[in-house]
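Below you'll find the structure, written out as structure tokens, and then a few comments.
Since every read-out is calculated from the coordinates, none of them should be taken as a lab result. If you're wondering where the values come from, they're calculated on a predicted model, not measured in any experiment. A quick note on method: Cβ atoms are made from the backbone with ideal geometry, for glycine too, and the neighbour counts reach across all protein chains shown.
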Amino acid sequence: MHHFQYRDNHLFCEGVPVSEIAENVGTPFYLYSHATLRRHFIAFQKAFEGVPHLICFSAKSNSNLAVLRLFAGLGGGLDIVSGGELFRGTQAGIRPERIVYSGVGKRVDEIDYAIQTGILMFNVESFQELDLINGCGARLKKKARIALRVNPDVDPRTHPYISTGLKKNKFGLGMESAAEAYKAATGLSNVEVIGISCHIGSQVTEVAPFVSALHRIRELITVLEALGISISYLDIGGGLGITYDQESPPHPNEYAKAILDALGDSSFTLILEPGRVIAGNAGILVSKVLYTKEGEDRDFVIVDAAMNDLVRPSLYNAYHAIKPVVRDQKETISVDVVGPVCETADFFARNRDIPRVEAGDLLAFMSAGAYGFTMSSNYNSRPRVPEVMVHQDQFHVVRRRESYEDLIKGESIPPFL
């Protein structure tokens, strides 16, 4: 459920016409619904009601300060993968003891920053990282709380680029070496083992892979208990998918029931890292048609957004529904919807049936609230677009459009030139 609906054939975000926002801020722009973000977060929260848990929203999916502040106000935490995301989280009001730090390539300065900030725990992904965190803790005279991220070798049945739980993936420690890593960790002076972590991938649309992963994790927990190693936190990651096209992902209630049934009686505090399932359908990218073009092989609709604004179609061949901002009864045409960037990969849809459009018409690329702006770039020296949030009948620019001056900020021409 989201709050992007037609009223008298005009697309609204909550109580505001999308065309009105376009007139005020220009195109392209990202648009988020406060009510949808809030509803999705609370639905996920309620699904795990009655068991100790912490929802750490995945910052990589949408790291806008206003979005993070909303979740902070709802008692949420944050899953981060960089020092920059830690900075964003604390600036938005996320309490450090509600932040978990994942990722295979943490730098020394980032580790130091996280230890000094007092985050809940690091999800450690290698023996070398374990030793490095211990060394950082010794130098800072602090103890770093850790979980070890375990790779359960479970196929999440998603796009290979966002699969993270197979042996061939770069993430985590294999089941064979995990117990040895835990034994090594307990012998270190400046780390405290408090958890176990597992994340199998993103845009997973069935519960079975999650359950399979948990069964493997429970086997490891039994081994650890036999070694006298106790675990307080079980971080089961995120990855629950959304509907982009014809997918039928489970509701958070169904997901929670499957997880809790698989865990049985346990005393763990669950850590959950949803991102896409909360933010994905809470945002859209709005773009204007620049030209229509008849080609020898196919026809094109050229819009002012591009792959640098929303890279998922180019990167994953991902589907985003395309809706007219003003709906009428025009005939349907089959076209490629493309942007201005000088790459053949700069497309939003190929051979897609959409209502006939003309230059100046507005189009909405749906389900763009996750991995949209956060993956955008300045390729072709294109300023990044603004982000806008609607709350009831008001809209607020929560990130301004970049200027040409922003593009060269920090650059300099040396004297010899």
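The table that follows gives values for the structure above.
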{"quantity": "Peptide ranges 218-228, 278-288 listed from the most packed, as the mean C-beta count within 10 angstrom indicates", "calculated": "278-288, 218-228"}
{"quantity": "On Cα atoms only, tilt of 34-47 relative to the major axis of the chain in degrees", "calculated": "30"}
{"quantity": "FRET efficiency estimate (nearest 0.05) - Cβ-Cβ, Glu343 to Val108, R0 41 angstrom", "calculated": "0.70"}
{"quantity": "Option label - semi-axes √(5λ) of the Cα gyration tensor in Å computed here, alternatives (i) 45, 37, 24; (ii) 32, 27, 23; (iii) 40, 24, 20", "calculated": "(iii)"}
{"quantity": "Degrees, to the nearest 10: 127-140 long Cα axis against longest axis of the chain", "calculated": "80"}
{"quantity": "When each of Lys141/Lys183; Lys142/Lys409; Lys106/Lys141; Lys106/Lys142 is checked by Cα-Cα distance, pairs over 28 Å", "calculated": "Lys142/Lys409"}
{"quantity": "Rounded tilt (10° steps) of 252-263 against the dominant C-alpha axis of the chain", "calculated": "20"}
{"quantity": "Partner aspartates and glutamates for Lys330 [C-alpha distance under 19 Å; skip if fewer than 8 residues away on the same chain]", "calculated": "Asp8, Glu294, Asp299, Asp353, Glu358, Asp361"}
{"quantity": "Contour excess over end-to-end distance, with Cα ends at Leu132 and Glu331 and 0.36 nm allotted per residue", "calculated": "65.5 nm"}
{"quantity": "Of Tyr316, Tyr30, Tyr371, the one that fluctuates the most in a GNM where the chain has Cα springs shorter than 10 Å", "calculated": "Tyr316"}
{"quantity": "Full-extension gain in nm, Ala184 to Glu402, via 0.36 nm per residue minus C-alpha separation", "calculated": "73.7 nm"}
{"quantity": "Structure-based [θ]222 nm, the chain - -39500 (n - 2.57) summed over DSSP H runs of at least 4, per residue, nearest 500", "calculated": "-8500 deg cm²/dmol"}
{"quantity": "Linear extension gain, Glu247 paired with Ser381, 0.36 nm per residue minus alpha-carbon span", "calculated": "44.7 nm"}
{"quantity": "Proximal aspartates and glutamates to Lys60, defined as alpha-carbon separation beneath 14 angstrom and excluding residues fewer than eight positions away on the same chain", "calculated": "Asp79, Glu85, Glu273"}
{"quantity": "Burial ordering of Leu140, Leu260, fewest other beta-carbon atoms within 10 Å first", "calculated": "Leu140, Leu260"}
{"quantity": "Glu296/Ile42 FRET efficiency (R0 45 Å; Cβ-Cβ; nearest 0.05)", "calculated": "0.30"}
